[in-house]
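Participant: For reference, the structure I am asking about is given below.
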Amino acid sequence: MFFCAQCNRACQVYADFSSSTCLVKPAMQKGKVELYTHAMVREVITNDQGLATGVVYIDKKDLNEYRIGAKVVVLAASACETARIMLNSKSKQHPDGLSNSSGVVGRYLHDSTGTDRMGILPELIDRPRYNEDGVGGLHVYSPWWLDNKKLDFPRGYHLEYWGGMGMPSYGFGFGMDTMRKYITDELGKPTANGGYGAGLKNDVRRIYGSTVGMSGRGESIPQYDNYCAIDPDTVDKYGIPVLKFHYKWTEHEVKQSKHMHDTFEEILTGMGAIILGTKPGPETQYGLAAPGRIIHEVGTTRMGDDPKTSVLNKYAQAHECKNVFVVDGGSFVSQADKNPTWTILALSWRTSEYIINQLKSQNI
């Protein structure tokens, strides 16, 4: 038994999944991989036939430009960054960016919807301490449960829960001046606001483990007019043109967020919680997080059968450059309310098998 709680920094003891520990290191152990670190890819290079011949990258340490040749180029930089690379990969054969005669690269960008609410349960104040590792979103989850025909928005969302007695992170106990009014003395009267030193520490200990929160994560509708494009006036520190974003939520997502908050309020109140903060209204789109905040960006290099309306085929192979593949979230035509990682991995596996087959058949 040990306690680590550094999961968000990639698991250092190989007890949980992360791409570096579960994919990259085992591949390196095979002895057939050359790993280039601190390499910021600028563009994919193509020949006179429009096929990829490698990539150009900038070394982050010496800021010099380098080239790597390749028979097949696989992009997995994340949906937006892959779109950035492809849009920056202009040539005579690809004047609008790699495999972008359709103008769809960067289009249909969409993220999960999200909003949150928290409450404090007086019955849990000053409760006994015990191990609650895993309590919350790791173990408790509510999938979509309603009939959209009876609602004023399409698709749906799921609920994630958080709270418990996990290791407190930095910042726990901040704002005790607003929390202490829920701590009562032996006569049931609220204690006075303020406090420092031993008194403050005691208050923090008493209220620890008494809060519960929930998050809604939902499905948004892909829109052609939600997109990222190259900013003609701005480059990053490596001299590579950056992206600018055009993204607005529709009434579907806003109504979904309102429904989330109505649900939060119903559940928390039914639990006997005192709901903290103010319920958001239409002036803030009912607390709907800004696009990109949930970090589930997908759709920028969507797959499809028609090259006029898509960038990739069903194997994530570029329609107009058959030896380029995209294996991040860019290929998604839509995504459900779930995190996209496992689907990205499944599609990557499928694409990898297809690449092997095509190389053996000498099609690429």
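Participant: To the nearest 10 square angstrom, how much accessible area does CYS22 have with a 1.4 angstrom probe?
Facilitator: Solvent-accessible area, nearest 10 Å²: 60 Å².
Participant: Magnitude of the Cβ-charge dipole of the chain, K/R +1 and D/E -1, about the Cα centre, nearest 20 debye?
Facilitator: Approximately 680 debye in magnitude.
Participant: Shifting gears a bit: With a 1.4 Å probe and all protein chains left in place, how much accessible area per residue does the chain have, in Å²?
Facilitator: Normalised by residue count, the accessible surface of the chain is 57 Å².
Participant: For the chain, list the DSSP H helices whose alpha carbon atoms reach 27 Å or more along the long axis and whose average Kyte-Doolittle value is -0.5 or above?
Facilitator: 341-360
Participant: Also, quick follow-up: Taking the simple approach of a point 7 Å from Cα along Cα-to-Cβ for both ARG205 and ASP306, what is their distance in nm?
Facilitator: About 6.7 nm separates the two model spin labels.
Participant: Just for the chain, what percent of DSSP beta bridges are antiparallel, to the closest 5?
Facilitator: Of all bridge pairs located within the chain, approximately 90 percent are antiparallel.
Participant: Something else now. Based on the Cβ-Cβ distance from GLU353 to ASP62, what FRET efficiency comes out when R0 is 51 Å, to the nearest 0.05?
Facilitator: Efficiency computed from Cβ-Cβ geometry: 0.85.
Participant: Which residues in the stretch 42-85 place their backbone N less than 20 Å from a point set 7 Å from the Cα of VAL235 along the Cα-to-Cβ direction?
Facilitator: Taking a point 7 Å out along Cα→Cβ of VAL235, the residues of the stretch 42-85 whose backbone N falls under 20 Å are 42-46, 55-68, 81-85.
Participant: Let me ask something else. First compute the accessible area of the chain with a 1.4 Å probe, then give the percent of it belonging to carbon and sulfur atoms.
Facilitator: For the chain, the apolar C and S fraction of the accessible surface comes to 53 percent.
Participant: How many nm is it between the label spots at ARG129 and LYS338, if each spot is 7 Å from the Cα in line with the beta carbon?
Facilitator: Spacing of the two 7 Å Cα→Cβ label points: 3.8 nm.
Participant: List the chymotrypsin sites (Phe, Trp or Tyr not before Pro) within the stretch 57-133 that DSSP assigns to loop and that have no more than 14 neighbouring Cβ atoms inside 10 Å.
Facilitator: TYR130
Participant: Mind listing which GluC sites (Glu not before Pro) in the stretch 124-223 are in a DSSP loop and have 10 or fewer other Cβ atoms within 10 Å?
Facilitator: Answer in residue order: GLU186.
Participant: Which of the trypsin sites (Lys or Arg not before Pro) found in the stretch 83-121 are in a DSSP loop and have at most 10 neighbouring Cβ atoms, other than their own, within 10 Å?
Facilitator: LYS92
The values are calculated or read from the model by the stated rules, or taken from the named source; none is laboratory data. Just so it is clear, the model here is predicted, and its values are computed rather than measured. No Cβ is skipped: glycine too gets one built from the backbone with ideal geometry, and neighbour counts run over all protein chains shown. Surface accessibility is based on the protein's heavy atoms, side chains included, excluding ligands, DNA and RNA. Shrake-Rupley method; radii C 1.70, N 1.55, O 1.52, S 1.80 Å.
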